[in-house]
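**Q** Right, I'll just put the structure down here and ask away after.
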Amino acid sequence: MQYPLNLSFKILALAPQIFVRDASGEVVCYVKQKMFKLKEAVTVYRDQAKTQVLCEIKADRVIDWSANYHFFDASGETFGSVRRKGMRSLWRARYEVFDESGVHISTISEENPGAKIMDGLLGEIPILSMFTGYLFHPRYLLSSAVDDSPKMRLSKQSALWEGKYNLERMYDFDDVDELRGLMAFMMMTLLERRRG
């Protein structure tokens, strides 16, 4: 994949969809969240026409309070998971990323929690809430659980009626680690999409 990757989605869509494009503008993958499911289920396709499934993300429980979201490749084999760490934090979003054996290998943490607080405060005011996505830009860092070295960064871009993010790679991954990091960010984006 040619970095940086660009993630975009419509904020007001009924069924959340994410388009992921590489630096040349080519669609790398397309995500469509299934509606009306008791357990969260997300299908990731290689293209917008949905001709080939890249992987699926499935929650391990009905209520997403500290649910573990498992990643499955096209053959049904698991290659990792992501889970929100603790309660939904007022101050900072944190997610833990696990490999296929359940070993904690990476952490996603919010780099600028001030943006989250301002977005939460102004997001409650009726007219101003429409503009918070244009004003506040959260950034999330995926770092190693072993030595805290940065691997990827997801940054919100200015947009009024859609969510736009820029994903940069800061580490040389193998294919499975790279896909696991991308899936963790996509699931986190779906969970956090209503802010910033």
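The values are calculated or read from the model by the stated rules, or taken from the named source; none is laboratory data. The shown structure was predicted, so the numbers you read here are calculated from the model rather than taken from an experiment. Glycine gets a Cβ as well: all are built from the backbone with ideal geometry, and neighbour counts include every protein chain shown.
**Q** LYS85 - would you say it is surrounded by 13 or more Cβ atoms within 10 Å (Cβ to Cβ), within 28 Å of SER143 (Cβ to Cβ), at pLDDT 90 or above and not acidic (Asp, Glu)? Don't jump to the end; show me each part of the working.
**A** Numbers: surrounded by 13 or more Cβ atoms within 10 Å (Cβ to Cβ): yes; within 28 Å of SER143 (Cβ to Cβ): yes; at pLDDT 90 or above: no; not acidic (Asp, Glu): yes.
In short, no.
**Q** Considering only residues that are within 19 Å of the chain's Cα centre (by Cα), among the small types (Gly, Ala, Ser) and closer than 17 Å to GLN157 by Cα, look in region 92-144 and name the one that is modelled with the lowest pLDDT.
**A** Checked region 92-144; the qualifying residue modelled with the lowest pLDDT is GLY133.
**Q** Restricting to region 92-106, name every residue that is out of contact with any strand residue (DSSP E or B) (no Cβ under 6 Å at 6 or more places or on another chain) and of a type in the set (S, T, N, Q).
**A** Matches in region 92-106: SER101 only.
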